[in-house]
Amino acid sequence: MASLKQFSRAEVAKHNTQQDLWFIIDDKVYDVTEFQNEHPGGEEVLFESAGKDATNEFNDVGHSTDAKQQMKQFLVGEIIEAERKKKSKETDTPSSSTSTGSWLGSLKAKLFG
């Protein structure tokens, strides 16, 4: 697989017009300029996220598997590694998983005793 072209968030931010509309979802960069008129939610929704990170908005809507598959055709690159969002691994750390596990275990015991 060929590596994706790298963009800074500042570079993506320049693509914020209806004639040149890009946004970021999960550190991937999409050019949806040609998709605006076809977007089932309306072009306004896309334009609100122009040049920005739209990950939360995209996930909040609960897009279908088909929509996620379709968006691959608009992929133009990814955010440079230094500017990528850090994935939260709180639940993977031994101290937090142990304390969470103890807390959940106690709660389950009280509820289902």
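The values are calculated or read from the model by the stated rules, or taken from the named source; none is laboratory data. All figures in this text were calculated on a predicted structure; none of them were measured in a lab. Please note: Cβ atoms are built from the backbone with ideal geometry, for glycine as well, and neighbour counts cover all protein chains shown. Ligands, DNA and RNA are excluded from the accessible area calculation, which covers all protein heavy atoms including side chains. Shrake-Rupley method; radii C 1.70, N 1.55, O 1.52, S 1.80 Å.
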Handout entry: Filter result (open to solvent by 80 Å² or more (accessible area, probe 1.4 Å) and more than 12 Å from residue 76 (Cβ to Cβ)) within the range 4-33
Key = 14, 18, 19
Practice task
Any residue in the range 13-25 that's assigned to a strand (DSSP E or B): show its pairings with residues that are surrounded by 12 or more Cβ atoms within 10 Å (Cβ to Cβ) and of a type in the set (Asp, Glu) at Cβ separation under 7 Å, as long as the two are six or more apart or on different chains.
Solution key: 22/31; 24/53
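Okay, residues lined up against (1) over 14 Å from the mean Cα position of the chain (by Cα); (2) modelled with pLDDT of 90 or more; (3) in a loop (DSSP other than H, G, I, E, B); (4) surrounded by 15 or more Cβ atoms within 10 Å (Cβ to Cβ):
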{"site": "51", "(1), (2), (3), (4)": "no, yes, yes, yes"}
{"site": "71", "(1), (2), (3), (4)": "no, yes, no, yes"}
{"site": "77", "(1), (2), (3), (4)": "no, yes, no, yes"}
{"site": "87", "(1), (2), (3), (4)": "no, no, yes, no"}
{"site": "91", "(1), (2), (3), (4)": "yes, no, no, no"}
{"site": "96", "(1), (2), (3), (4)": "yes, no, no, no"}
{"site": "99", "(1), (2), (3), (4)": "yes, no, no, no"}
{"site": "103", "(1), (2), (3), (4)": "yes, no, no, no"}
Exercise for the section: State which residue is farthest from residue 57 (Cα to Cα) when the search covers only the range 1-34 and only residues that are in contact with an Asp or Glu (Cβ under 9 Å, 6 or more places away or on another chain) and of a type in the set (Phe, Trp, Tyr). Expected result: 7
